[in-house]
Amino acid sequence: MNAGGSAPVVPAPADSADPEADPEDSSRSARKLEGPADAATVETPAEALPMASATGVKPPRVDGTYVGVTLGPGVSFARVNDFPTPNAFVGGGGTFRVGEVIYPWLSIGVEISGNLAYRGADPRQRLLQGAFLVDFGFYPGAKKQIPLSLRAGFGAGGGAVRERGRTDRSGFGGAVFTAAVRYEFFPGAAKRRPTRGGGFSLGPELGYIGFMPAAKGRPMSHTLYLGLYVGFYFGS
């Protein structure tokens, strides 16, 4: 004890809490402790990206604006006024289409179609016909991304038949209707466009083109064809 009778002064421990400590220092310490956790939080989305891509969600192939051509042989049956056409016409034709996939199950576009065919029996005859149509495509397997389409179209067109040894010709014209079924393959699309829809396509198409008679017994033409469709979908 001191001579004055006062109690000795005991120094406070160095690690005791300081009520006047700077709150910024404590916050800095807390941030230092939370640093690794924050880094893990930032890295988590980057690590999750490969897992999200590994889920295998495929982009649609029948998608966006499309352009395509169908080429192939066909058989036609025609009737005209000026001379008889008892036999079928055998030849080939083509169709050019351009349009847009409006919904996964529906596409709308325009179509230009032409056909050239010959009658083999005597007298030799030649058939030439063409049409301009509005083209509709329906995809019943769109939910499973099955590229099978049922097609229908309507428009206007005409044609003519020539016969060997005669200078005149006889024809038909008016309303035209088409119907077809097509299945498409997309070779290399999954590799070249793994995250984008659309791509190069090709596949068989079986169809019908009908130039309707204006009345019973009037000129007309019916054509059945089997062709190869080659097209490209630009994707949305």
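The values are calculated or read from the model by the stated rules, or taken from the named source; none is laboratory data. Quantities reported herein were computed from a predicted structural model and do not represent experimental measurements. Cβ: placed from backbone, ideal geometry, glycine included. Neighbour counts: every protein chain shown.
The table that follows gives values for the structure above.
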{"read-out": "Within the range 124-141, considering residues that are touching a Leu at 6+ places or on another chain (Cβ under 8 Å) and free of Cβ contacts under 8 Å to residues at least 60 places away in the same chain, the one nearest to Phe83 (Cα to Cα)", "value": "Arg126"}
{"read-out": "Which listed residue, of Ile108, Ile146, is under 14 Å from the mean Cα position of the chain (by Cα), outside any strand (DSSP E or B), of a type in the set (A, V, I, L, M, F, W, C) and more than 14 Å from Val176 (Cα to Cα)", "value": "Ile146"}
{"read-out": "Residue within the range 118-127 that is in contact with a Gly (Cβ under 8 Å, 6 or more places away or on another chain) and either at pLDDT 95 or above or among the acidic types (Asp, Glu) (or both) present", "value": "yes"}
{"read-out": "Among the candidates Ser170, Ser201, Ser221, residue that is closer than 22 Å to Ala88 by Cβ, at pLDDT 95 or above, crowded, with 16+ Cβ neighbours inside 10 Å and among the polar types (S, T, N, Q)", "value": "Ser221"}
{"read-out": "Residue within the range 198-212 that is farther than 30 Å from Thr85 by Cβ, in contact with a Lys or Arg (Cβ under 9 Å, 6 or more places away or on another chain), touching a residue at least 60 places away in the same chain (Cβ under 8 Å) and of a type in the set (Asp, Glu) present", "value": "no"}
{"read-out": "Test result for Ala156, surrounded by fewer than 14 Cβ atoms within 10 Å (Cβ to Cβ) and part of a strand (DSSP E or B)", "value": "yes"}
{"read-out": "Criterion violated by Lys216 - all others in (1) touching a strand residue (DSSP E or B) at 6+ places or on another chain (Cβ under 9 Å); (2) modelled with pLDDT under 95; (3) surrounded by fewer than 15 Cβ atoms within 10 Å (Cβ to Cβ); (4) over 20 Å from Pro104 (Cα atoms) satisfied", "value": "(1)"}
{"read-out": "Within the range 103-127, considering residues that are hydrophobic (A, V, I, L, M, F, W, C) and surrounded by fewer than 18 Cβ atoms within 10 Å (Cβ to Cβ), the one nearest to Met220 (Cα to Cα)", "value": "Leu116"}
{"read-out": "Test: Val101 is touching a Lys or Arg at 6+ places or on another chain (Cβ under 7 Å), touching a residue at least 60 places away in the same chain (Cβ under 8 Å) and part of a strand (DSSP E or B)", "value": "no"}
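Here is a yes/no grid of residues against (1) under 17 Å from Val67 (Cα atoms); (2) touching a Phe, Trp or Tyr at 6+ places or on another chain (Cβ under 9 Å):
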position	(1), (2)
Ala142	no, yes
Gly158	no, yes
Gly203	yes, yes
Gly235	yes, no
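The rows are residues; the columns are (1) over 30 Å from Pro187 (Cβ atoms); (2) at pLDDT below 50; (3) not polar (S, T, N, Q).
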site: Asp22; (1), (2), (3): yes, no, yes
site: Pro45; (1), (2), (3): yes, yes, yes
site: Ala52; (1), (2), (3): no, yes, yes
site: Gly56; (1), (2), (3): no, no, yes
site: Arg61; (1), (2), (3): no, no, yes
site: Gly92; (1), (2), (3): no, no, yes
site: Thr95; (1), (2), (3): no, no, no
site: Val101; (1), (2), (3): no, no, yes
site: Ile108; (1), (2), (3): no, no, yes
